[in-house]
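Read the structure below first, then the notes.
Laboratory data are not the source of any read-out in this text; all were calculated from the coordinates shown. The model shown is predicted, which means the values in this text are computed figures rather than measured ones. For neighbour counting, all protein chains shown are included, and Cβ atoms are generated from backbone atoms with ideal geometry for every residue, glycine included.
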Number of protein chains: 2
Amino acid sequence: VSMAKSMSLLWGAGSPPCWRVMITLEEKKLQGYRHKLLSFEKGEHKSQEVLEINPRGQLPAFKHGDNILNESVAACLYLENQFKSQGVKLIPDNPAEQALMYQRMMEGLSLTDKLNSVIYRDLLVPEEERHESALKRNKEALVTELKLWEGYLHKVAAGSYLAGAFSLADVIVFPNTAYAFRFGLSAGRYPKLAKYYSLLKDRPSIKASRPPQWLASPQGYEILKDL
Amino acid sequence: VSMAKSMSLLWGAGSPPCWRVMITLEEKKLQGYRHKLLSFEKGEHKSQEVLEINPRGQLPAFKHGDNILNESVAACLYLENQFKSQGVKLIPDNPAEQALMYQRMMEGLSLTDKLNSVIYRDLLVPEEERHESALKRNKEALVTELKLWEGYLHKVAAGSYLAGAFSLADVIVFPNTAYAFRFGLSAGRYPKLAKYYSLLKDRPSIKASRPPQWLASPQGYEILKDL
């Protein structure tokens, strides 16, 4: 825990990449790090405070001493490697599980991109450049992506995580699945993803770092309900 | 080298993700793996042979025994971790270098995305959805990205790589810089990137895995020349 004192996290509520870093800090028993919640709505992710750590003006902006890690996967890999024997081991030693873990972890970024292209379409595409055909294509790509994950989860043993025991693959992918359901994804049409979400949502590391606005307004959105 | 016999790679010429895996295999002294060059032009990345390994229909499609790794960063992390003491060590132990290595490695994927959005615009966006305003914005985002890397390289010591010694950060980022210059990027306006390219282009692992069509047609393209 004394190591945690040399860590600081600038984060935004409702950001899967921030949530990943927070879950990892919990799993590695690094509670007690300094953190500050910034508002995307107020543009605080573009503030000088952030830009000094992350020139991209994005959150998370994370420091451990003088070491800076702003990419969520990079931060999670670093924390696991620096604190291997502390808390939960997040990279399996077994070669087959390790291969699956790295593969699913990196595929998780495709899920992020495809969710963002639909959920944040209006933020990403100026009004005069919007096409129904593009939105339709992005929704189809998201459905294909979600079905791929349904298939992956179909193959894992009952009660199992993405790559055997809980691992960085879950740290990276879980926040995306939580967002998908928050934004209206049908548990009926994606039963394996729904089961995976249920398996993980009350895990202590995840509960402790759940986006605060989800408590304030438990009702989600409907943008993904027809997928 | 006997380990390499249990490895197979389906790859496409002109794919930075494939090149990354090939560089890593060279650096880890895993020459002798089976490999097969497929044609994107002929749609061979969507063939049954690929889909059996990679349901996304993308290259690389890599197997080590029964372990499947299709995401380039995942494959590189796996190979380094499985063959730590063989060939060149690609993840530094020193915490500061390791942090920088993971951070630059993952930022490399932003460079890939931003290059692709400009170089492959016509493949990615159907004709009726193309907007000059979008292309202009994507070019500006690419310039911002390239200047970020100029800045990063400005700070490293002379003759140094992205994170101290040659590492996975270079494995991931170098193929992108090679493509940027192949597609016409100005060495005059991006002198640090040009120097970085020169430092690495004849490294044995990189030379051995250079896209074969670059030899056949050394002349590149001009699409990035005005950036």
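Under the membrane-span-like helix rule (DSSP H runs whose alpha carbons stretch at least 20 Å along the helix axis, mean Kyte-Doolittle hydropathy -0.5 or higher), chain A yields A:95-119, A:168-182. Residue exposure proxy: A:ASP226, A:ASP170, ordered by other Cβ atoms within 10 angstrom of their Cβ from fewest to most, comes out as A:ASP226, A:ASP170.
Our estimate of slack between A:ASP113 and A:LYS201, defined as 0.36 nm per intervening residue step minus the Cα-Cα distance, is 29.5 nm. Note on A:ILE223/B:ARG137: beta-carbon distance plugged into 1/(1 + (r/R0)^6) with R0 of 41 Å gives a FRET efficiency of 0.95.
Shortest first, B:LEU51 label-point distances to identical copies amount to 4.9 nm, with the label point at 7 Å from Cα along Cα→Cβ.
Which whole-number percent is the relative contact order of chain B (Cα, under 8 Å, 6+ apart)? RCO, chain B: 22 percent.
When the helices of the protein assembly as shown are scored as -39500 (n - 2.57) per DSSP H run of n ≥ 4 and the total is divided over every residue, the value at 222 nm lands at -15500 deg cm²/dmol. Summary value for the range B:3-82: 37 percent relative contact order, contacts being C-alpha pairs under 8 angstrom separated by 6+ residues. Here each label is just a point 7 Å from Cα along the line to Cβ, and for A:LEU123 and A:SER186 those points are 2.7 nm apart. Could you tell me the distance between the Cα centroids of the range B:122-167 and the range A:21-68, to the nearest Å? If we compute the Cα centre of each part, the gap is 23 Å. Between A:LYS84 and B:GLN31, the FRET efficiency from the beta-carbon distance, with R0 = 35 Å, is close to 0.70.
Largest GNM mean-square fluctuation across B:PRO126, B:PRO211, B:PRO17, computed for chain B with C-alpha springs under 10 Å, falls on B:PRO126.
When chain A is treated as a Gaussian network with alpha carbon springs shorter than 10 Å, the biggest mean-square fluctuation among A:GLU41, A:GLU129, A:GLU107 belongs to A:GLU129.
Each copy carries a label point for B:ALA165 at 7 Å from Cα along the beta-carbon vector; from one copy to the others these points are 3.0 nm apart, nearest first. With contacts taken as Cα pairs under 8 Å at a separation of at least 6 residues, the range A:95-216 carries a relative contact order of 32 percent.
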